[in-house]
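What follows is a short report on a single structure.
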């Protein structure tokens, strides 16, 4: 049985509009979308305006709610849908709900064995830590044991899947995989922590093929973020050795 439960809540704001999960952004997603961990700007901030504050003393009226089984994954929002992932008994599942009514639109599950990974810390067996990422018509999710899945955002059809443990030849990290996928220009950026030359990697969104891998650093548990340094894009990772910035297209170390 799952070790914890979460309630997914969508609230009704004072003015009668559904709660917004999002922010405007300079690329990819539409206004009010929140397509990835910590939002479209990777900083946890929203540029939404016009909220009718303060809320009533009794709080915003609940529009709908549903119970979810164990896990630490956050919600992301895109095109009126919400995405997350959970542990449900012997499975991890990627879920898509309607944002306005909470309806379960699709569910994709795959088997997992939390007891079969002795390197996984026993305190953290509730479920997935990573948050899915939406890019265009695709959603990418990373499970506790490195299961990397790319699905159609509308239907849940699997486009491709792979596994970071198999790709890198390593054992499961002590706390499982925690960092969320970051997608830019058709590339998925992750921190597999695979040892010599395999610490961080980028994969093609279209088919999952590896584009490059770099660094010897031991694994960290943070999500990379896309930063702008002047006119230059930098993919910043926080490994066990510290911060490092890479050129997104090649993996070349910048600083």
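Quick notes on this structure:
- In a residue-by-residue description of region 182-190, the property of being over 22 Å from residue 242 (Cβ atoms) and out of contact with any strand residue (DSSP E or B) (no Cβ under 8 Å at 6 or more places or on another chain) applies to at least one position.
- Condition met for residue 176 (modelled with pLDDT under 95 and closer than 17 Å to residue 224 by Cα): yes
- Residues located in region 66-87, provided they are over 25 Å from residue 125 (Cβ atoms) and more than 14 Å from the chain's Cα centre (by Cα): 79, 80, 81
- Criterion violated by residue 129 - all others in (1) buried (at least 20 other Cβ atoms within 10 Å of the Cβ); (2) more than 30 Å from residue 61 (Cα to Cα); (3) out of contact with any strand residue (DSSP E or B) (no Cβ under 7 Å at 6 or more places or on another chain) satisfied: (2)
- Residues of region 236-252 that turn out to be outside any loop (DSSP other than H, G, I, E, B) and surrounded by 12 or more Cβ atoms within 10 Å (Cβ to Cβ), as a count: 7
- Of the numbered criteria (1) surrounded by fewer than 15 Cβ atoms within 10 Å (Cβ to Cβ); (2) closer than 19 Å to residue 93 by Cβ; (3) in contact with a strand residue (DSSP E or B) (Cβ under 9 Å, 6 or more places away or on another chain), the one residue 207 fails is (2).
- All conditions but one from (1) surrounded by fewer than 19 Cβ atoms within 10 Å (Cβ to Cβ); (2) at pLDDT 85 or above; (3) within 18 Å of the chain's Cα centre (by Cα) apply to residue 100; the one that does not is (3).
- Within region 112-137, residues that are over 19 Å from residue 83 (Cβ atoms) reach partners that are outside any strand (DSSP E or B) and modelled with pLDDT under 85 with beta carbons closer than 6 Å, at six or more positions or on different chains, in the pairs 114/125.
- Subset of region 132-144 [part of a loop (DSSP other than H, G, I, E, B) and either at pLDDT below 95 or crowded, with 22+ Cβ neighbours inside 10 Å (or both)]: 132, 143, 144
- Members of region 163-201 that are over 15 Å from the mean Cα position of the chain (by Cα), outside any loop (DSSP other than H, G, I, E, B) and surrounded by fewer than 22 Cβ atoms within 10 Å (Cβ to Cβ): 163, 165, 166, 167, 168
- Among the residues of region 202-211, those that are over 17 Å from the mean Cα position of the chain (by Cα) and either in a strand (DSSP E or B) or farther than 18 Å from residue 139 by Cα (or both) comprise 210, 211.
The values are calculated or read from the model by the stated rules, or taken from the named source; none is laboratory data. The model shown is predicted, which means the values in this text are computed figures rather than measured ones. Counting neighbours? That spans all protein chains shown, and the Cβs are built from the backbone with ideal geometry, glycine included.
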